[in-house]
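K.L.:
Handing you this structure, nothing more for now.
The values are calculated or read from the model by the stated rules, or taken from the named source; none is laboratory data. Keep in mind it's a predicted model, so treat the numbers as computed, not measured. Cβ placement follows ideal geometry from the backbone for every residue including glycine, while neighbour counts extend to all protein chains displayed.
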Amino acid sequence: MFKGRQFDRPVILLCVRWYLAYSLSLRNLEDMMAERSISVDHTTVGQYVVRYSPELLERFNRRKRSVSRKWHVDETHIKVQARWMYLYRAIDSNGDTIEFWFSERRNLAAAKCFLARALKRHGRPERIVIDGSETNRKAILSCDTRDRLEGRTRRKLVLARIRQSRYLNNRIEQDHHAIKRRIRPMLGFKSINSARAILGGIEMVHMMRKQQAKYACNPQPSLVEQFEMLAA
């Protein structure tokens, strides 16, 4: 995973973890590493974050525990190159992250793509709570209908119940704050690809803090331990 890199695995993991987990800039990390007598340019740190975040997230998802069948779905805006783009997110009734999807647009196609991804990975929920968005409601009905038609089981699949209420969806609105809190010091992303990779890493750290992955050796490992196990 780290073969051929200028720095050893502990240095790379430290930079990636600190950047994803805490409100630090790339230049902050350059200065902090210099205090440890490690000369690493801030652009190199940024490249490491973009390079390794998707791979670490993929490894994390293999260990991710199952979610409940009551979902809360919403989207929040993210600035990329001075343009507003959108992060679709879903959490369950326990507050665990179900799925997320970064999109350039906020429309029916994006909502359907996000929901289809969530359904494929986690199965069909009993209930989905959304705000007043008619677009999200249409996307749920479309994806759920297709899922039932394509189902190979003879058991009758009941349509997922949709609850529309901005007040019932406060749970996911609060969960957005953890992501936005880390993004705010970045002052916007420079490209779509880097935004997608970094957002995935931030979501991964958020799930780590919720202890959403299963590890045989330690039921509640720290962030440091989880990064080490994923990179092993």
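The rows are residues; the columns are (1) of a type in the set (D, E, K, R); (2) under 21 Å from Leu29 (Cα atoms).
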position	(1), (2)
Ser165	no, no
His176	no, no
Ile192	no, no
Ala197	no, yes
Glu203	yes, yes
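K.L.:
Counting only residues that are in contact (Cβ under 8 Å) with a residue 12 or more places away in the chain and either surrounded by 15 or more Cβ atoms within 10 Å (Cβ to Cβ) or within 13 Å of Ile198 (Cα to Cα) (or both), how many does the stretch 26-36 have? Steps first, answer last, please.
P.N.:
Keep residues of the stretch 26-36 that are in contact (Cβ under 8 Å) with a residue 12 or more places away in the chain, which gives 26-27, 29-30, 32-33.
Checking the rest, the ones that are also either surrounded by 15 or more Cβ atoms within 10 Å (Cβ to Cβ) or within 13 Å of Ile198 (Cα to Cα) (or both) come to 26, 29-30, 32-33.
Result for the stretch 26-36: 5.
K.L.:
OK, next. With the condition kept exactly as written, say whether any residue in the stretch 34-50 is closer than 22 Å to Ile183 by Cα and touching a Ser or Thr at 6+ places or on another chain (Cβ under 6 Å).
P.N.:
Start the filter on the stretch 34-50 by keeping residues that are closer than 22 Å to Ile183 by Cα, which leaves 41-50.
Still in the running and touching a Ser or Thr at 6+ places or on another chain (Cβ under 6 Å): 50.
For the stretch 34-50, residues closer than 22 Å to Ile183 by Cα and touching a Ser or Thr at 6+ places or on another chain (Cβ under 6 Å): present.
K.L.:
For the stretch 24-60, give me each residue that is small (Gly, Ala, Ser) and either within 15 Å of Leu223 (Cβ to Cβ) or in the same structural domain as Arg182 (by TED's automatic domain parsing) (or both). Steps first, answer last, please.
P.N.:
Filtering the stretch 24-60 for residues small (Gly, Ala, Ser) gives 25, 34, 37, 39, 46, 53.
Scanning the stretch 24-60 gives a single hit, Ser53.
K.L.:
Is there a residue in the stretch 47-54 that is in a helix (DSSP H, G or I) and closer than 30 Å to Arg124 by Cβ? Reasoning before the result, please.
P.N.:
Pass one, the stretch 47-54, residues in a helix (DSSP H, G or I): 47-54.
From what's left, closer than 30 Å to Arg124 by Cβ: 53-54.
Taking every residue of the stretch 47-54 in turn, at least one turns out to be in a helix (DSSP H, G or I) and closer than 30 Å to Arg124 by Cβ.
K.L.:
Of all residues in the stretch 19-35, how many are within 23 Å of the chain's Cα centre (by Cα) and farther than 16 Å from Pro54 by Cα?
P.N.:
Going through the stretch 19-35, the residues within 23 Å of the chain's Cα centre (by Cα) turn out to be 19-26, 29.
Those left that are additionally farther than 16 Å from Pro54 by Cα: 22-26, 29.
So the count comes out to 6.
K.L.:
Hey, among Tyr88, Tyr22, Tyr52, which residue is touching a Cys at 6+ places or on another chain (Cβ under 9 Å) and either on the phi > 0 side of the Ramachandran plot or modelled with pLDDT of 95 or more (or both)?
P.N.:
On the way: Tyr22 fails: touching a Cys at 6+ places or on another chain (Cβ under 9 Å); Tyr52 fails: touching a Cys at 6+ places or on another chain (Cβ under 9 Å).
Unique residue meeting the criteria: Tyr88.
K.L.:
Return the residues of the stretch 37-59 that are among the hydrophobic types (A, V, I, L, M, F, W, C) and under 14 Å from Leu199 (Cβ atoms); say none if nothing qualifies.
P.N.:
Residues of the stretch 37-59 among the hydrophobic types (A, V, I, L, M, F, W, C): 38, 40, 45, 49-50, 56-57.
Once the filter is applied, which keeps residues that are among the hydrophobic types (A, V, I, L, M, F, W, C) and under 14 Å from Leu199 (Cβ atoms), the stretch 37-59 yields Val49, Val50, Leu56, Leu57.
K.L.:
Determine which member of the set Arg163, Arg182 is modelled with pLDDT of 85 or more, within 19 Å of the chain's Cα centre (by Cα) and either surrounded by 12 or more Cβ atoms within 10 Å (Cβ to Cβ) or not in a helix (DSSP H, G or I) (or both).
P.N.:
Just one listed residue meets the conditions, Arg182.
K.L.:
Within the stretch 189-225, count every residue that is touching a residue at least 24 places away in the same chain (Cβ under 8 Å) and surrounded by 14 or more Cβ atoms within 10 Å (Cβ to Cβ).
P.N.:
Total meeting the criteria: 22.
K.L.:
Residue check: is Arg69 within 12 Å of the chain's Cα centre (by Cα), of a type in the set (Lys, Arg) and over 21 Å from Leu24 (Cα atoms)? Working first, answer last.
P.N.:
Details: within 12 Å of the chain's Cα centre (by Cα): no; of a type in the set (Lys, Arg): yes; over 21 Å from Leu24 (Cα atoms): yes.
Judged against the criteria, Arg69 is not a match.
K.L.:
Here's a follow-up. How many residues, within the stretch 185-232, are in a loop (DSSP other than H, G, I, E, B) and of a type outside the set (Lys, Arg)?
P.N.:
Residues of the stretch 185-232 that are in a loop (DSSP other than H, G, I, E, B), as a first pass: 187-188, 190-191, 210-212, 214-222, 232.
Subset that is of a type outside the set (Lys, Arg): 187-188, 191, 211-212, 215-222, 232.
Number of matching residues: 14.
K.L.:
Considering only residues that are more than 26 Å from Arg17 (Cβ to Cβ) and in a loop (DSSP other than H, G, I, E, B), which ones fall in the stretch 67-93? First the steps, then the outcome.
P.N.:
Residues of the stretch 67-93 that are more than 26 Å from Arg17 (Cβ to Cβ), as a first pass: 68-75, 77, 81-84, 86, 93.
Once the filter is applied, which keeps residues that are more than 26 Å from Arg17 (Cβ to Cβ) and in a loop (DSSP other than H, G, I, E, B), the stretch 67-93 yields Ser68, Arg69, Gln81, Ala82, Ser93.
K.L.:
Moving on. Please go through the stretch 185-210 and pick out each residue that is at pLDDT below 95 and over 17 Å from Ser53 (Cα atoms).
P.N.:
Hits for the stretch 185-210 are Pro185, Leu187, Gly188.
K.L.:
Would you check if there is a residue in the stretch 53-63 being without any contact (Cβ under 8 Å) to a residue 12 or more places away in the chain and over 12 Å from the mean Cα position of the chain (by Cα)?
P.N.:
Yes, some residue in the stretch 53-63 is without any contact (Cβ under 8 Å) to a residue 12 or more places away in the chain and over 12 Å from the mean Cα position of the chain (by Cα).
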